[in-house]
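This report concerns only the one structure given below.
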Amino acid sequence: MVQVLRPDEVREKYGPLFCKGFLTMVDEEKGMAQIVERCSAKGPGEWDVVNRRRSGGVIERIRMEGQTLIMDAVVGERELKFGPVSEYVGGQGLASLKIEGDRVRTTWYGIAGATVGIGACLAQCPDVIQTEYPDDFRIGGAHVAHVDIITPKTVRVIVGVDDTDTKERGASWVAALKMGNGCPVGSFIDHKIIQLNPKVPNKTTNCCSTAVSFAVREEDIPALIEYCMDFIRKESFSDGSTMTVFKGLGIPPALEAYGMRAKTEILTEEDAFSTAVENGVQVISITGTRGAIGAVAAIGCFDMGGMAAGIPEDFR
């Protein structure tokens, strides 16, 4: 018989632990998923990165940014391969990720101390709906155990912004960060400042656009877009403020190429609109469309890591 516990019940049973966030975003069309796990300390996350990478399973890429783990995974099921090292140091891995209506089921295996991470730590995160434990589940020691963690199904939405400021007032990156931090819809995930071509004639000072990402339920996307539109309209000092919206995981290569072009070339609004149409980006005029060039580029550069913040010569 399977035992089902809510996060508060897990906390009561095992005591308070360290997971502060556990979000599952899916892109059903691409068969992709991304899990964002926030921990209260860096050490447990570093151990998890090494062990989950070693075990394989459905995780294809895992990295740590600060105290946040970001896992790119496939939807489906794959065999875990802990290897002989597990005899000495234990192990942990994600064996499957399945979409069940408006929920996501992730099946985690742990050996020895790693059973605490999956059965007591992740399971008590407030983002979790419930965790299912098999009859033979035992935590700690030399035991091998698995659990099914059920979370809400969300999608990633990136909102790009540009041209909200003038030479005298405002900063688009500040407006976007305030917008993300204050958003009442979904969960704010990330914020990026995108350095564009500093030689373009129409700019304020730094020539940067910006973007933020959210994990949000599909049905809440219209409310998210409405909130962002209203926020930027109130924060704008410019008559060219433009917002872009992209839903999904994995930026299309043509959109990334446009983002890189915006760092070295002088592009037109027509370039921006045609790229947006071809790559699933919605362009929204807030006070105008002059910011379309940078706002589309902000989507294109969003997954480039530190390269988003620079121009090509910064990385030679």
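The values are calculated or read from the model by the stated rules, or taken from the named source; none is laboratory data. Small disclaimer: the values here were computed from a predicted structure and weren't measured. As a convention, Cβ positions derive from the backbone with ideal geometry for all residues, glycine included, and neighbour counts pool all protein chains shown. Ligands, DNA and RNA are excluded from the accessible area calculation, which covers all protein heavy atoms including side chains. Shrake-Rupley method; radii C 1.70, N 1.55, O 1.52, S 1.80 Å.
Oblate is the label for the stretch 3-73. Its Cα gyration tensor axes, ordered a ≥ b ≥ c, give a/c of at least 1.5 and b/c at or above a/b.
Rg and Dmax of the stretch 111-262, based on Cα coordinates, read 21.0, 67 Å.
Remark: the stretch 1-154 is approximated by an ellipsoid whose semi-axes, taken from the C-alpha gyration tensor as √(5λ), come to 20, 19, 16 Å, largest first.
When the pairs Lys42/Lys98; Lys153/Lys192; Lys30/Lys98; Lys178/Lys234; Lys13/Lys98 are compared against a 19 Å limit on Cα-Cα distance, Lys42/Lys98; Lys153/Lys192; Lys13/Lys98 fall above it.
The Cα-based radius of gyration of the stretch 87-128, divided by its Kirkwood radius, gives an Rg/Rh of 1.05. The H on the amide N of Lys20, modeled in the peptide plane, is under 5 Å from the matching H of Arg38, Cys39, Ser40, each at least 5 residues off or on a different chain. Given a 1.4 Å probe and every protein chain left where it sits, what share in percent of the accessible area of the stretch 258-311 is carbon and sulfur? Looking at the stretch 258-311 in its full context, I get 54 percent from C and S. Computed from phi, the 3J(HN,Hα) profile of the stretch 216-232 under the Karplus parametrisation 6.51, -1.76, 1.60 (θ = phi - 60°) reads 9, 5, 3, 6, 9, 4, x, 5, 5, 4, 4, 4, 5, 4, 4, 5, 5 Hz, with x in place of Gly and Pro. Electrostatic tally near Ser96: other residues with Cβ closer than 12 Å to its Cβ, Lys and Arg +1, Asp and Glu -1, net -1. Per-atom-type breakdown for the stretch 204-255 gives carbon and sulfur 53% of the accessible area (1.4 Å probe, protein chains only).
In the stretch 1-142, a dipole from Cβ-located charges (positive for Lys and Arg, negative for Asp and Glu) runs towards its positive end, and of Val36, Phe22, Asn51 it is Asn51 whose Cα lies farthest in that direction.
Each residue of the stretch 185-316 gets 104 Å³ once the volume of the Cα convex hull is shared out per residue. Each Lys or Arg adds one and each Asp or Glu subtracts one; over the other residues with Cβ under 11 Å from the Cβ of Thr68, this totals +1.
Computed about the Cα centre, the dipole magnitude for the stretch 142-196 is approximately 60 debye when only Lys and Arg (+1) and Asp and Glu (-1) carry charge, each at its Cβ. As a length-normalised measure over Cα pairs under 8 Å and 6 or more apart, the relative contact order of the chain settles at 16 percent. Around Gly288, under 14 Å between beta carbons, what's the net of Lys plus Arg minus Asp minus Glu among the other residues? Counting the neighbours of Gly288, the net charge comes to -3.
For the chain, the solvent-accessible area of protein heavy atoms averages 45 Å² per residue (probe radius 1.4 Å; ligands and nucleic acids excluded). When the chain is described by a simple charge dipole with +1 on each Lys and Arg Cβ and -1 on each Asp and Glu Cβ, the residue from Phe302, His191, Gly91 located farthest towards its positive end is Gly91. The residues Asp135, Asp163, Asp230, Asp314, sorted by heavy-atom accessible surface at 1.4 Å with ligands and nucleic acids left out, run Asp135, Asp314, Asp230, Asp163 from largest to smallest. Residues Tyr109, Tyr258, sorted by accessible area with the largest first, give Tyr109, Tyr258 [1.4 Å probe; ligands and nucleic acids excluded]. Relative to the Cα centre, what is the charge dipole magnitude of the chain, using +1 at the beta carbon of each Lys and Arg, -1 at the beta carbon of each Asp and Glu, and rounding to the nearest 20 debye? The calculated dipole for the chain is roughly 720 debye. Computed from phi, the 3J(HN,Hα) profile of the stretch 274-280 under the Karplus parametrisation 6.51, -1.76, 1.60 (θ = phi - 60°) reads 5, 5, 4, 4, 6, 10, x Hz, with x in place of Gly and Pro.
Assuming charge only on the beta carbon of Lys and Arg (+1) and of Asp and Glu (-1), the dipole of the stretch 226-292 about its Cα centre is about 160 debye to the nearest 20.
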